[in-house]
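Scroll down for the structure; my scribbles are underneath it.
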Amino acid sequence: MRKLEALKFLEARLADIEREHYDELASEAPRSDADARAEAKALAAVYDFLKDCKISYRQSLLRILERYLRRRPSTGVAEK
């Protein structure tokens with residue numbers, strides 16, 4: 001999978017995870033459990049992206065997260 005395609009897939013997957021998380025919170029699920037599940041899913045998605053794209057050591061995880069994942073949420077929910 002090419003990096004651009006993989007990145008678009010990752011962005012879509014993270015958006016799905018965020019929507020699922022807010023839906024779960026709205027259904028009166030315990031917040032800490034819902035947060036833990038969402039974090040685990042998001043980390044797994046990022047791990048799969050890094051593995052599939054064979055990201056080199058020079059392109060550190062920190063740089064990738066800063067460049068691609070530090071965007072404002074599009075759901076209208078304010079960041080903490």
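The values are calculated or read from the model by the stated rules, or taken from the named source; none is laboratory data. None of the values given here were measured: they were computed from a predicted structure. Quick reminder, even Gly has a Cβ in these numbers, built from the backbone with ideal geometry, and neighbours come from all protein chains shown.
List of remarks:
- Yes/no for ALA6 being at pLDDT below 85, touching an Asp or Glu at 6+ places or on another chain (Cβ under 9 Å) and hydrophobic (A, V, I, L, M, F, W, C): yes
- Of all residues in the stretch 8-21, those that are surrounded by 15 or more Cβ atoms within 10 Å (Cβ to Cβ) and over 11 Å from the mean Cα position of the chain (by Cα) total 1.
- Residue list for the stretch 22-35, restricted to those being over 13 Å from the mean Cα position of the chain (by Cα) and either closer than 20 Å to ASP48 by Cα or not small (Gly, Ala, Ser) (or both): TYR22, ASP23, GLU24, LEU25, GLU28, PRO30, ARG31, ASP33
- Counting the residues of the stretch 24-49 that are closer than 16 Å to ALA12 by Cα and of a type in the set (Lys, Arg) gives 1.
- ARG19 among the basic types (Lys, Arg), at pLDDT 90 or above and not in a loop (DSSP other than H, G, I, E, B): yes
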